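> Structure in structure tokens, see below.
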Amino acid sequence: MRLKLETFVYYTDLGRRFRFAVLDLDRSLDYPANFVCLLPTKIYNEGKVNNGFFKIFGDKSSEQAKLLLTKALKGEDDPEVKAEIKRRLTLLEPKQECKIKCSACGKLFQPQHARRFKNNFCEKCRKKKFRSDSDASTPT
Ligand SMILES: [Zn+2]
């Protein structure tokens, strides 16, 4: 596959909007024969993946999307399209708010599971806590 991102501009009441299509130049040089899929704004939408892009690229989706967008950015002159590409690239970055602060040592850490912890202890402190809990002869 020789992939390329193609920008489609369309107009709404809110102004210009952009859509990015993934094309495979090995398939054909002419659109739409080389159309693979659309590049979704968000590949992972709240844990759900339901887009053609993910179906094709799977675990490599983020990586592939970043690659395509970075390449497209270099060849782009339109400042609005550039801004949109940069926005899309930011959306691909892992979420920072996943990090939580440990209640014991104050260190920021990434919880290993998506669910919320009742106690915000980092792994180190949690191990320490469990160990001292089991060592303690009196309940706390
Ligand atoms: Zn800690």
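> Just a yes or no: is a residue in the stretch 91-109 surrounded by 13 or more Cβ atoms within 10 Å (Cβ to Cβ), without any contact (Cβ under 8 Å) to a residue 40 or more places away in the chain and more than 16 Å from the ligand (Cβ to nearest atom)?
Scanning the stretch 91-109, I find no residue that is surrounded by 13 or more Cβ atoms within 10 Å (Cβ to Cβ), without any contact (Cβ under 8 Å) to a residue 40 or more places away in the chain and more than 16 Å from the ligand (Cβ to nearest atom), so the answer is no.
> For Cys102, work out the one condition from (1) in contact with a helix residue (DSSP H, G or I) (Cβ under 6 Å, 6 or more places away or on another chain); (2) farther than 30 Å from Lys129 by Cβ; (3) at pLDDT below 95 it doesn't fulfil.
Failing condition for Cys102: (2).
> On the given criteria, is Asn34 out of contact with any helix residue (DSSP H, G or I) (no Cβ under 9 Å at 6 or more places or on another chain) and either more than 13 Å from Leu92 (Cα to Cα) or surrounded by 13 or more Cβ atoms within 10 Å (Cβ to Cβ) (or both)?
yes
Table: residues versus (1) loosely packed, with under 12 Cβ neighbours inside 10 Å; (2) modelled with pLDDT of 85 or more; (3) farther than 16 Å from Met1 by Cβ; (4) not acidic (Asp, Glu).
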| residue | (1), (2), (3), (4) |
| --- | --- |
| Arg27 | no, yes, no, yes |
| Leu39 | no, yes, no, yes |
| Leu69 | no, yes, yes, yes |
| Asp77 | yes, yes, yes, no |
| Ile85 | no, yes, yes, yes |
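> Something else about it: Would you tally the residues in the stretch 113-126 being at pLDDT below 85 and either in the same structural domain as Phe20 (by TED's automatic domain parsing) or part of a helix (DSSP H, G or I) (or both)?
Going through the stretch 113-126 one residue at a time, the tally reaches 2.
The values are calculated or read from the model by the stated rules, or taken from the named source; none is laboratory data. Only a predicted model underlies this, so the values are computations on that prediction, with no experimental measurement involved. Positions of Cβ are generated from backbone atoms using ideal geometry, with glycine treated the same way; all protein chains shown enter the neighbour counts.
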